[in-house]
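Quick notes on the structure that follows.
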Amino acid sequence: MLNIPVLRWGKPYESLEKDEVLHFSTGEPVASVSQANGGIIQRDMRKAQKARDILREFSCSELIGLIKKSADLYLNATLPLGDGQQSPDDFVYQQSSTTGLPEHMCRANMAKNSFVLENMHTILDALTRGLDLDILTRGYGVESRGVVMSYQAQTPVLGAVLPSNSPGVHTLWLPAIPLQLGLVLKPGPQEPWTPYRMASAFAEAGIPREVFSIYPGGPEAGAALLSSCDRSMIFGGTATVENYKGNPSVQAHGPGFSKILLGDDVVDDWEKYIDLIAESIYINSGRGCINCSGVWASRHTKEIAQALAERIGPVEALPPTDPKAGLAAFTVDGMAVAVWGMIEADLKEAGVTDMTEPFGARLVEQERCAYLRPMIVHCESPENAIAKKEYMFPFSTVVQCPQDEMLKKIGPTLVCSGITENETLIKALSDATHIDRLNIGAIPTSKLNWLQPHEGNIIDFLFRSRAYQVTDDRLAALKS
Amino acid sequence: MSSTETNAADLQTLQKQARERLDAHAYEMVQWHFHESTGCPFWLEKKAELKFDPLSEIKNYDDIQKFPLFEDDWLRGGPASRWIPKALEGKPTYIFETGGTTGIPKSRVVIEDHWIDYENFSETLPDKYFPKGANWLMLGPSGPRRLRLAVEHLCQHRGGICFCIDLDPRWVVKLIKKGWMEHLEEYKKHTIDQAITVLTADHDIRCMFTTPKLLDSLALALEERGTSIREIGITGIFSGGTEFTPQWTRYAVEELLGGSPEEGGVYMTPTYGNTLMGLACSKPVTPEENYKISYYAPQPRAVTEVVSFDDPQQLVGYDQTGRVKLTTLTKELFVPGFLERDEGERERPFETYPWDGVSGVRPFHETASATTVGVY
């Protein structure tokens, strides 16, 4: 069994409190992970500026080069981990065994993270709108029009309280190091694997270890991280998002409530889009905030729901090693049963039909875990309570709603794919402030263009654009 | 006989003597609480419901198991006077509360128990780090709390003056439950500001009571001002709470207090206590034992046992995990078997405390998620 220490600015720290991370189906311990108490984090954060100072000894482009090198190491190398070594296959096995995610999905997420590292220069170029990254290093500079501009870092480090159940979120914090900001991570209890492997790959690539800290721990550790980092992100439920609403230091990522809207102009051809919709619901076991949890149309909704149910309803729970496995296990005791209980209660409402019912029981309980098989629920009205729900498995409602009421009724939506050629609807979708990422046309909600910002541009979160005036002779010197 | 065997024999003798003292004390206390001339109205009324006569059938400590488990809900509401033993009527009486963030708090009447408990505890404090005559800071809850007056008495008993702060733990719990974390942070700062004001006002404060969370915050705040717990003059810290884990203790010793008492000059002693029991002391905490914290109740005045989760009459084996069961046997209070909201491992007796202890104390796993830990 691996022993994984806390990393305090790169230095391993073995805690007297350890958490055994268990295999979700056998119960065997996979790793013993040292736990950080909150005080340790608060004390370490007093030295956060040092991480930025160290990183500013490199240029952004040098760091991007090292990040690119780490992309290959992360994907292909055997790297040090705690008191052992970890090959890519070990990583896939370990992540799958503690999160319940099928191994092929772990491998795909690994490739996704590596892709983002590999293409960091393009991603940063897009997110900064082509800004000379030296401006971020210095805090000021001259843009191509000859105007002085300033982007001031609002924090020396980026903190992140990470989840256990969605390895896809790790791409969000990857830009920190090339932006010369240290990294302070609290991994999810069941998913220490990505942060530690990433840190190991960074270090092997030549990024100084002193610029990252990893603090596994309980809620106290998460609270300490959030209160002591000037900028951090947290992943959680609606309550978490509400809790940090209006807090400029915390970017809270919650449920996506991502949706596909079929315009009246295309809905009669709904069959053309079924594959795209099914993929949006089902890919990555429906765990992501970008998975579709609501399909909205003014007509043909029953037929759409029926077709989706036939497509994904028969999917069975398969072992995580099976390349065909499409479902992740619920590894937290009682969670799947509780979720199923909530769904059952909502299904009792008039106008709500479980379209996947004919394909057998949805709740599959095993000795140490449980699965929920894909669900498609038809709603005759947007007012049905279940139309506003999202769960951590392939689950979607198909909601009947007149087109002109859709935007008023859909509620907060992280990704909206508006399938329509209707320019009036496109304009309304473009203006809707409760939609974050907008896809116009037949694009799955789950298809991310890495050159686009996600849930707020990380550059805007970490840096502040401000006035910066210099004398003419200094401006001339800057331009030369 | 080898020295190990001699020590074992000595320990057995000590254990036997301690047990005899406990048995005699248990008999005496039951006589006191159930005799018409001395007992309190609550227990005299309860006596009628019992299927045995405590006066004739309780001969020793084990016999106390005949009583049903104590229910702390009995402590809610009035009249509080029903808990005052007749023999102590007319003496100045304190009322101390526990809980009370919402609803009626549990309350306990006390006459002198808190003085006696803390005077006994005083004997365990090393004078080198808790000098006689030193002034203290009570950096803990104020209000209707036993702890607040008990710490002040401890300080006075040792010849010092105790400085206190205002801290309403019920408001802290409300802030946490409401999720008002910014307010919580500000209240914590307000608390620490009060402490620093006192500590920097030339009162020559050398000792303090505090909780792990507040010590953490105080140390950070002092460091931000370019000083430290030791530099501000503190040499002895008495602290307590279920957050007192081995890891936290190690962190505090290594990073807040500058190392062991010999290295850093600050001695910290963990304790475990509550309004019903008084104060359990800790076996010395050392790096060699990975900062393991084992508590021993102040027998014979109070007894802690580690019992089976399924059967509270059944002790678990040594090193095994169970729920903490408390029995209080003072002239002011009789608590026959109360299941605490804590669990831990049963510890062996040793020379200083030749009776069972409990280590690894933490919130009882079945109720832990519903417990809001505030400043304790």
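Assorted remarks:
- Of B:Lys174, B:Lys16, B:Lys46, the one that fluctuates the most in a GNM where chain B has Cα springs shorter than 10 Å: B:Lys46
- When you filter the GluC sites (Glu not before Pro) in segment B:39-123 for DSSP loop state and at most 14 other Cβ atoms inside 10 Å of their Cβ, you are left with B:Glu71, B:Glu89, B:Glu123.
- Restricted to Cα atoms, segment A:1-97 shows a radius of gyration and a Dmax of 16.4, 47 angstrom.
- Label-to-label distance, A:Ala361 versus B:Ser142, with points set 7 angstrom from Cα along the beta-carbon direction: 6.0 nm.
- Residue-count net charge about A:Glu103 - beta-carbon cut-off 10 Å; Lys, Arg +1, Asp, Glu -1: -1
- Couplings 3J(HN,Hα) for segment A:240-246, derived from phi with the Karplus relation 6.51 cos²θ - 1.76 cosθ + 1.60 (θ = phi - 60°), are 4, 4, 4, 4, 9, 4, x Hz, where x marks Gly and Pro.
- Environment charge at A:Arg209 (Cβ cut-off 13 Å; Lys +1, Arg +1, Asp -1, Glu -1): +1
- DSSP bridge orientation in the protein assembly as shown - percent antiparallel, rounded to nearest 5: 50 percent
- Here's the picture: charge each Lys and Arg Cβ at +1 and each Asp and Glu Cβ at -1 in segment B:3-370, and of B:Gly159, B:Gly77, B:Leu339 the one pushed furthest to the positive end of that dipole is B:Gly77.
- Ordering A:Asp322, B:Asp73 from the fewest to the most neighbouring beta carbons within 10 Å gives B:Asp73, A:Asp322.
- Principal axis box of segment A:258-440, alpha-carbon based, largest edge first, Å: 53, 35, 29
- Rounded to 5, the percent of DSSP beta bridges in segment B:3-370 classed as antiparallel: 65 percent
- Within the listed set B:Phe338, B:Phe67, B:Phe52, the residue fluctuating most in the Gaussian network model of chain B (springs between alpha-carbon atoms under 10 angstrom) is B:Phe52.
- Long-range HN-HN contacts of B:Arg341 with modeled amide H, under 5 Å: none
- For B:Ile229, the shell of other residues with beta-carbons less than 14 Å away shows a net charge of -3, using +1 for Lys and Arg and -1 for Asp and Glu.
- Secondary structure note: in segment A:258-440, about 25% of the DSSP beta bridges are antiparallel.
- Distance between modelled label sites at A:Lys409 and B:Lys86, nm, 7 Å Cα→Cβ extension: 7.6 nm
- Relative contact order (percent, whole number), segment B:107-158, Cα cutoff 8 Å, 6+ residue spacing: 49 percent
- Exposure rule at most 16 other beta-carbon atoms within 10 Å, DSSP loop chymotrypsin sites (Phe, Trp or Tyr not before Pro): chain A longest free segment: A:1-449
- The share of Cα pairs per 10 Å bin across segment A:47-152, counted from zero up to the longest distance, runs 13, 31, 28, 20, 7, 1 percent.
- B:Ala302 long-range amide H proximity, modeled H, under 5 Å: B:Leu329
- Residue-averaged beta-carbon neighbours from other chains (10 angstrom radius) around A:12-24: 2
- Under Karplus coefficients 6.51, -1.76 and 1.60, residue-wise ³J(HN,Hα) of segment A:419-431 in Hz, glycine/proline x: 8, 5, 10, 6, 5, 5, 5, 4, 5, 5, 5, 5, 8
- Distance histogram for segment B:219-376 (every C-alpha pair counted, 5 angstrom bins, percent rounded to whole numbers): 2, 9, 16, 20, 19, 14, 10, 6, 3, 1, 0
- Per the Kirkwood formula applied to alpha carbons, segment A:372-480 shows a radius of gyration over Rh ratio, Rg over Rh, of 1.20.
- Restricting the calculation to alpha carbons of segment B:86-237 gives Rg and Dmax of 16.8, 56 angstrom.
- Summarising the amide proton neighbourhood of B:Leu137: residues at separation of 5 or more, or on other chains, whose placed amide H is nearer than 5 Å comprise B:Phe163, B:Cys207, B:Met208, B:Phe209.
- Using R0 = 51 Å, the C-beta based FRET efficiency linking A:Leu451 and A:Glu349 works out to 0.75.
- Of B:Leu184, B:Leu279, B:Leu139, the one that fluctuates the most in a GNM where chain B has Cα springs shorter than 10 Å: B:Leu184
- The string of couplings for segment A:63-74 from the Karplus curve (6.51, -1.76, 1.60, θ = phi - 60°) is 5, 4, x, 5, 5, 4, 4, 5, 4, 5, 4, 4 Hz, one whole number per residue in order, with x for Gly and Pro.
- Dimensions (Å) - the protein assembly as shown, Cα atoms, principal axes, largest first: 93, 74, 55
- Cα Rg, Dmax (largest Cα-Cα span) when computed across segment B:116-183, Å: 15.0, 44
- Unit charges at the beta carbon, dipole of segment B:3-370: most positive-side option, B:Gln314, B:Thr275, B:Leu11: B:Thr275
- Normalised size of segment A:105-259, defined as Cα radius of gyration per 2.2 N^0.38 Å with N residues, equals 1.09.
- Cα gyration tensor category, rounded, prolate or oblate, for chain A with a/c compared to 1.5: oblate
- In terms of its Cα atoms, segment B:3-370 spans 65, 56, 41 Å along the principal axes, sorted from long to short.
- Prolate/oblate/rounded call for segment B:179-245, Cα gyration tensor, a/c under 1.5 rounded: oblate
- Computed E for A:Lys11/A:Gln85 - FRET, C-beta separation, R0 25 angstrom, nearest 0.05: 0.80
- Stretch gain in nm, segment B:Asp166-B:Trp115, where the contour uses 0.36 nm per residue and the Cα spacing is subtracted: 16.2 nm
- Cα shape, segment B:230-319, gyration tensor, a/c 1.5 rule: prolate
Bear in mind that the values in this text are calculations on the coordinates, not laboratory data. It should be emphasised that the depicted structure is a prediction, and the values quoted were computed from it without experimental measurement. Note that we place each Cβ from the backbone using ideal geometry, even for glycine, and neighbour counts take in every protein chain shown.
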